[in-house]
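The structure under discussion appears below in the form of structure tokens.
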Amino acid sequence: MISCPLCNRAVEHLHKRSHLVPEWMYTDCYNENHKVIEVSRSEERVTKKQKGVYSSFICDSCEKDTQKYDHYASLILTNRSSGSDEFKSIERTYPKKNNVDDNFEFCLWENIDFKKFQNFIFSVILRTHLAGRIKGSIQLNQEHLNRILSIYRDNTIIDDSSYPILLMEYHKNDKMRDHVILPFVKKLKGHHIVEFTGGGYAFNVYISSHSKPQHIKTFRLKKEGSLLVLNIFFQQTALGKKSIEVISTLEKSKG
């Protein structure tokens, strides 16, 4: 028997092919050879994958649980199942102008199932960490890992402030919608953030212990199920400039 690191239960074996990032996030990325471009920001490389990234690191039960959260996210983040109850339940007020900078627009989403959506985002981060794929000089330390795990495992914990979540949607004609970037930890203005992208969205989770900036408190996913989604071009993000440089350099080197 071995211990599953996600649920902490003793199991006979781990699932043979668990996914790090759900496959639906790759769907719009397929090229003419039915492969996807994957950007590893930490390793500064671009690779082509057939159907995402898989490994063996959690049990069968946890794999099924994470698939449920992945499925819920796919229903509310895409319009592929626009007739589903989950998609129709989300009230979207769009656009909302930012009075500070008219280059940015926001969409107010309401009636999100907070716990399912939070667990979807946490599960992507946890799976990537447990698979040993979060790289770089800044790591998700044990203290924050344990706290995120405790929130993820316990459905009675409704906590929207310890690890606030921000969501950005790329504009429809942004070429960077066609890239999946695995979770990595970065430092921005004194705060540690886990960021990943896929399916036309960028997901930010603040993992600093100290007080979060005021705008994070305003725009985060809130426990009552509301969220202000920033509509943005990839190059406007902190991630954008460096990743575009990496992609451009590597693609040129391959001819």
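The values are calculated or read from the model by the stated rules, or taken from the named source; none is laboratory data. Source: prediction; values computed, not measured. Here the Cβ is made from the backbone with ideal geometry for all residues, glycine too, and neighbour counts use every protein chain on show.
The figures follow:
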quantity: Qualifying residues in the stretch 2-36 (those that are β-branched (Val, Ile, Thr) and closer than 17 Å to TYR54 by Cβ) - the one modelled with the highest pLDDT; calculated: VAL21
quantity: Qualifying residue in the stretch 169-191 (condition: in contact with a Phe, Trp or Tyr (Cβ under 8 Å, 6 or more places away or on another chain) and within 20 Å of ILE112 (Cβ to Cβ)); calculated: yes
quantity: Condition met for ARG177 (at pLDDT below 80, surrounded by 15 or more Cβ atoms within 10 Å (Cβ to Cβ) and within 17 Å of the chain's Cα centre (by Cα)); calculated: yes
quantity: Some residue of the stretch 97-118 being assigned to a loop (DSSP other than H, G, I, E, B), at positive phi and modelled with pLDDT of 95 or more; calculated: yes
quantity: Boolean, THR156 is among the hydroxyl-bearing types (Ser, Thr, Tyr) and modelled with pLDDT under 90; calculated: no
quantity: Test: LYS88 is assigned to a helix (DSSP H, G or I), exposed (fewer than 14 other Cβ atoms within 10 Å of the Cβ) and modelled with pLDDT of 75 or more; calculated: yes
quantity: Members of the stretch 145-163 found to be under 25 Å from CYS107 (Cα atoms) and surrounded by fewer than 21 Cβ atoms within 10 Å (Cβ to Cβ), listed by number; calculated: ILE158, ASP159, ASP160, SER161, SER162
